[in-house]
Amino acid sequence: MITPDYIVGMTDGEGCFLVSLRRDNRIDLRFFIVQAIGNRSLLESIQKFFNVGTVYQKADRSGRLPACIFEVTKRDDIYNVIIPFFKEHKPMGIKAISFSVFEEIDRIVKGRQDKRKLTSKELEYVTNLRSGMNKHYGSPGAVKSARRGGNTK
């Protein structure tokens, strides 16, 4: 049986809270957990627990072992299911920082999934927030990467 603690542990180890500011002006918020293809049933159990999202096999383009992904991209599911879950069942360590930023960005852009609907100050703030997400906070490489405004992956 999948428990909230199990999901938090999977997220701490193999999950990601991702914010993308796309060239077509869309703002995408995604939550996902990646596992080896042999653990697909675990991801399907997590999907059933939340009753949102999809589980799919990741395309193999690099010669790596096949992987499966549980992913939630629908804005209402992020806002109504994923964020409330992780507010109640807090991630630990550096994933807690990424979730906090993810939640703050969601609050700012709620109902305005187009960058052009944000003020210039809001867009600058969101861009700065997301530049440090999903980094190994405290490590020299993370600080360097965050300063450069690196990707959020």
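Rule-based calculations on the coordinates, nothing more; no lab input. As the structure is a computational prediction, the values presented were derived from the model and not from experiment. Every residue, glycine as well, gets a Cβ built from its backbone with ideal geometry; the counts of neighbours run over all protein chains shown.
Summary of values
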{"quantity": "Theoretical gain in end-to-end length, Lys90 to Thr127 [0.36 nm per residue, Cα-Cα removed]", "calculated": "10.9 nm"}
{"quantity": "Additional length obtainable on full extension of the chain from Asp12 to Leu65, 0.36 nm per residue less Cα span", "calculated": "17.0 nm"}
{"quantity": "Set of aspartates and glutamates with alpha-carbon distance to Lys95 below 13 Å, sequence-local pairs under 8 removed", "calculated": "Asp12, Glu14, Glu103"}
{"quantity": "Cα shape, segment 55-116, gyration tensor, a/c 1.5 rule", "calculated": "prolate"}
{"quantity": "Positive-end extreme of charge dipole, segment 4-147 - chosen from Ser100, Val55, Val126 (charges on Cβ)", "calculated": "Val126"}
{"quantity": "FRET efficiency, 1/(1 + (r/R0)^6) with R0 25 Å, evaluated for Arg23 and Glu104 via beta carbons", "calculated": "0.60"}
{"quantity": "Distance violations [Cα-Cα > 31 Å] among Lys58/Lys121; Lys58/Lys117; Lys48/Lys121; Lys87/Lys117", "calculated": "Lys58/Lys121; Lys58/Lys117; Lys48/Lys121"}
{"quantity": "Interatomic Cα distance distribution for segment 4-147, bins of 10 angstrom, percent", "calculated": "11, 38, 36, 14, 1"}
